[in-house]
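> Sharing a structure, written as structure tokens. Questions coming.
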Amino acid sequence: DRDRFILSAGHGSMLIYSLLHLAGYDLPMEELKNFRQWESRTPGHPENTHTKGVETTTGPLGQGIANAVGFALAERHLAAVFNTDEHTIVDHYTYVFASDGDLMEGVAYEACSLAGHWKLGKLIVYYDDNDVTIDGHTDLAFTEDVLKRFEAQGWHTQRIDGHDVDALVSATDAARAETDRPSIISCRTIIGYGVPDEEGTHSVHSDPLGEEKVRATKERLGIPLEPTFHVPAEVYDYMRAAGGTGADARQRWDGTWAAYAEAHPDKYALLSAALQHDLPAGWDAQLPAFEPGSKPLATRAASGKVIDALKQAVPTLVGGSGDLTPSNKTMASDDVDFQAFEARGEYFRFGVREHGMGAILNGLNLHGGLRGYGGTFLIFSDYMRPTIRLAALAKAPTLFVYTHDSVGLGEDGPTHQPIEQIASLRAVPHLNVYRPADANETVACWKQMVTDPMPSVIALSRQGLPVLEANPEGVARGAYVVSEAGNGDPAGIVLATGSEVHIALDAQKQLAEAGVHVRVVSMPCWELFDQQPEAYKDEVLPGSVTARVSIEAGASLGWHRWTGPQGVVIAVDRFGASAPYKTIYEHYGLTADAITDAMRSLVG
């Protein structure tokens, strides 16, 4: 229940480091002296996985303030669901320090628009309004009335002298009193305040001052010249006193938490588990199972059935879509829309704001107590790349649900048909990318995703796919033998993901009729397979079998790692086309015949 502070202007990282040091966090003066140095806890931009007291990784402008909307959203929803008339266990503010650059970025506009719509009254932004960016004065490119923009978005606005502490305190009090609107306080400041000849200029934004200007600035501001790093004792005393105040508040909250546990044991158990990233007992008991050979089912539809079952068992799983709910199948049957008047709702309507959706979900997941997912078409992951990368960097366990995963979506054409997206997502460190082959693989992928405390992408088909025998253990290992060669040792191996696994199985039959017996391997998650022991990897892909063909309706990039230098990669390295998906697959060579021809050329 602590207040959250987000330094959205992450280039000013020393602000938060100095405050953490003064407040008594484990950030001694030596760490401040090692600013931006190897293995220091004071990197150039704040990283939540690196420095205690940092809530989220910031730096790319606009992301921090958009994350903050997610923090405030989590506070509002958790308070509505878990607070009772007798016990208030969630009741805190989210404070943001933002710059001109933050407010120029489109992601900030997307997220702040939703914050106003949702009336997140406990979100307070301090806008460091200093009229300077790296290029120079902001009037080179930024002349709008920022406060009028926020007022139009439903925000409470104030303008003050940012160097007037009393005005800042009064404005904060007024913002806290405004419960129905988020607040932004424009703090007019002078960048580089006190630096002779440079205050108010863009050169002071990031250039080191040098010894002479540091000395001149200290003299001008009345700071002792020695020692170089000087903090008056009374400053330490004042700041460390906050620790005592915080300890008292924590003790009171612990008492409320204990009373809550006794009065509401079910709610207590649910929230306790969620805060520890645990799942309720028996959470997977009602997950669907699909009969092999039953009617073909799109994996997006199977995913919708999984979400429906999961949300009944795990009420702290929440999510939404970027205006594609009917297509993404992301809304459970019992879901209620989250709105300003219905904060208990577990489904978020993000509108056509993919970038903002991703950043908000990252903040919500980092807040704790909830696990959030968001859906759109895979092609629009391009609109979300910064948030996906930051989820991986910040270890925010966001679940990115992407449908319409290939040229298999058909007539919408090349603007909507992803080609390079899967390959590019696989290049992101600390991100698991899943592409299930059928309904049962989809269930297994979701089980893996919700149990892993890391961000994940799942790419789902629009078209119906035959249902295979379930193999959750194989999916959990990233790749497995979905169909063995009919006569023992395989002459070759066909590797595939998603909808192309079924094409590989058809090719296996064709090859068997020609006397060539091959193994088919499904690879729903490269990252998980890469983590397996070498013995298992060699069991699935024995080094002795060099005749390998891969097939995936996407870019070829990366597949040669699995096929080896003698293998053949069947892929799509050009943009799509507007036509029925079966026609596209035929013209693009995504066929059993193409696999058969490639394999026969390899085995002679």
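The values are calculated or read from the model by the stated rules, or taken from the named source; none is laboratory data. Please read these numbers as outputs of a predicted model, since none were measured by experiment. For neighbour counting, all protein chains shown are included, and Cβ atoms are generated from backbone atoms with ideal geometry for every residue, glycine included. Ligands, DNA and RNA are stripped out before the accessible areas are found, and what is left, the full protein with its side chains, is counted by its heavy atoms. Shrake-Rupley method; radii C 1.70, N 1.55, O 1.52, S 1.80 Å.
> Which residue out of F150, F82, F142, F71 is among the aromatic types (F, W, Y), in contact with a His (Cβ under 7 Å, 6 or more places away or on another chain) and open to solvent by less than 40 Å² (accessible area, probe 1.4 Å)?
F71
> Next question, about the same structure. I'd like the full set of residues that are hydrophobic (A, V, I, L, M, F, W, C) and in contact with a Leu (Cβ under 9 Å, 6 or more places away or on another chain), limited to region 534-557.
Those that are hydrophobic (A, V, I, L, M, F, W, C) and in contact with a Leu (Cβ under 9 Å, 6 or more places away or on another chain): L541, A547, V549, I551, A553.
> Separate question: What tally of residues in region 396-442 results from selecting those that are under 22 Å from L364 (Cα atoms) and surrounded by fewer than 19 Cβ atoms within 10 Å (Cβ to Cβ)?
Residues that pass the stated criteria total 3.
> Shifting gears a bit: Restricting to region 276-304, and then to whatever is open to solvent by 80 Å² or more (accessible area, probe 1.4 Å) and within 29 Å of T325 (Cβ to Cβ), can you tell me which residue is nearest to the chain's Cα centre (by Cα)?
H277
> Going by the conditions given, is T42 out of contact with any helix residue (DSSP H, G or I) (no Cβ under 6 Å at 6 or more places or on another chain), of a type in the set (S, T, N, Q), part of a loop (DSSP other than H, G, I, E, B) and modelled with pLDDT of 95 or more?
It is false that T42 is out of contact with any helix residue (DSSP H, G or I) (no Cβ under 6 Å at 6 or more places or on another chain), of a type in the set (S, T, N, Q), part of a loop (DSSP other than H, G, I, E, B) and modelled with pLDDT of 95 or more.
> Please go through region 500-527 and pick out each residue that is open to solvent by less than 10 Å² (accessible area, probe 1.4 Å) and within 26 Å of A423 (Cβ to Cβ).
Correct list: E500, V501, A504, A507, V518, V520, V521, S522, M523, P524, C525.
> State whether the residues of region 174-195 include one that is acidic (D, E), surrounded by fewer than 16 Cβ atoms within 10 Å (Cβ to Cβ), in a loop (DSSP other than H, G, I, E, B) and free of Cβ contacts under 8 Å to residues at least 12 places away in the same chain.
no
> Considering only residues that are charged (D, E, K, R) and surrounded by fewer than 18 Cβ atoms within 10 Å (Cβ to Cβ), look in region 453-476 and name the one that is farthest from A391 (Cα to Cα).
E469
> What number of residues within region 403-445 are more than 17 Å from E500 (Cβ to Cβ) and hydroxyl-bearing (S, T, Y)?
2
> Please list, ordered by first then second residue, the pairs with beta carbon atoms under 8 Å, 6 or more apart or interchain, first in region 145-160 and in contact (Cβ under 8 Å) with a residue 60 or more places away in the chain, second aliphatic (A, V, I, L, M) and open to solvent by less than 40 Å² (accessible area, probe 1.4 Å).
Filtered contacts from region 145-160: no entries.
> I need the full set of residues from region 572-588 which are surrounded by 15 or more Cβ atoms within 10 Å (Cβ to Cβ) and either among the aliphatic types (A, V, I, L, M) or free of Cβ contacts under 8 Å to residues at least 24 places away in the same chain (or both), in order please.
V572, A577, A579, I584 - these are the residues of region 572-588 that are surrounded by 15 or more Cβ atoms within 10 Å (Cβ to Cβ) and either among the aliphatic types (A, V, I, L, M) or free of Cβ contacts under 8 Å to residues at least 24 places away in the same chain (or both).
> Now, a different point. Which members of region 547-571 meet the condition of being open to solvent by 20 Å² or more (accessible area, probe 1.4 Å), closer than 27 Å to E469 by Cα and assigned to a loop (DSSP other than H, G, I, E, B)?
If the condition is that a residue be open to solvent by 20 Å² or more (accessible area, probe 1.4 Å), closer than 27 Å to E469 by Cα and assigned to a loop (DSSP other than H, G, I, E, B), then A571 is the only one that fits.
> Within the set of pairs 6+ apart or on separate chains, which have a first residue in region 317-328 that is polar (S, T, N, Q), a second that is open to solvent by 10 Å² or more (accessible area, probe 1.4 Å) and in a helix (DSSP H, G or I), and C-beta atoms under 7 Å apart?
Every condition considered, the pairs that remain are N328/R300.
> Given the structure, is D173 among the charged types (D, E, K, R) and on the phi < 0 side of the Ramachandran plot?
So D173 passes the test.
> Starting from region 486-500, take each residue that is assigned to a loop (DSSP other than H, G, I, E, B) and list its partners that are acidic (D, E), counting only C-beta distances under 6 angstrom and pairs at least six apart or across chains.
T497/E552
> Tell me yes or no: at least one residue of region 4-23 is at pLDDT below 95 and of a type in the set (D, E, K, R).
For region 4-23, residues at pLDDT below 95 and of a type in the set (D, E, K, R): absent.
> Determine, yes or no, whether E55 is within 21 Å of V352 (Cβ to Cβ) and open to solvent by 10 Å² or more (accessible area, probe 1.4 Å).
No: the conditions fail for E55.
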